[in-house]
Amino acid sequence: MFNIFKKKPKAQTEDKNPFEIPSNWEHNYIYGFIGGNPYQTISDLNAVVEIIKNTVGQRGFIAVDTIFHPYNLVNHKGATAWDLAWFKVFVQDNGKFIQEIGDNKNATVVKAKTLNLKDNFRIWPNDDLNPEKNEQYSKYVPFVFHI
């Protein structure tokens, strides 16, 4: 069920800096269960940074300040919330900050509200996590925090 959470293989191209290709980045996830709506913003960005450092160590990263229901992770084109965050960071300065993050010299947390995720990321190929189909998901709702 959580096959989409496996690390993506790293692709190589000769004409681009490897950090300028989102699929070359390592993807990490924290997941579990929460009571209620999992689409929640983490307002304490210092806490987000600590959670990430405890998960991936002292490395550069791009994270989103929100935990999601798995149904809200991928849009109809196959882009993840993290892909959109990466793109937002990349276009700010044409990849200079991306290079710093990739070289483990910097990190950032992107605010989900700037990515328009809530309405555009509600597609999932099955309904196994639907509480009407599986009652346990009405009390224990899965969440994912994408790093």
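Residues whose amide H lies under 5 Å from that of residue 29, counting only those 5 or more places away or on a different chain, are 147; hydrogens are built 1.01 Å from N in the peptide plane. Summarising the amide proton neighbourhood of residue 143: residues at separation of 5 or more, or on other chains, whose placed amide H is nearer than 5 Å comprise 32, 33, 34. 3J(HN,Hα) couplings calculated from phi for the range 31-47 with the Karplus curve 6.51 cos²θ - 1.76 cosθ + 1.60 (θ = phi - 60°) are, in sequence order, 9, x, 10, 9, x, x, 5, x, 6, 9, 8, 8, 6, 8, 5, 5, 5 Hz; Gly and Pro show x.
Amide H to amide H, with H built 1.01 Å from N, residue 109 comes under 5 Å of 63, counting only residues 5 or more places away or on other chains. The 1.4 Å probe gives accessible areas that order 77, 88, largest first, as 77, 88. Entry note: the range 41-147 has Rg to Rh equal to 1.02, where both radii use alpha-carbon atoms and Rh is the Kirkwood radius. Solvent-accessible area assigned to carbon and sulfur over the range 62-109 amounts to 51 percent, based on a 1.4 Å probe.
The values are calculated or read from the model by the stated rules, or taken from the named source; none is laboratory data. Treat the numbers as computed from the prediction; the structure is a model and nothing was measured. With ligands, DNA and RNA removed, areas are computed over all heavy atoms of the protein, side chains included. Shrake-Rupley method; radii C 1.70, N 1.55, O 1.52, S 1.80 Å.
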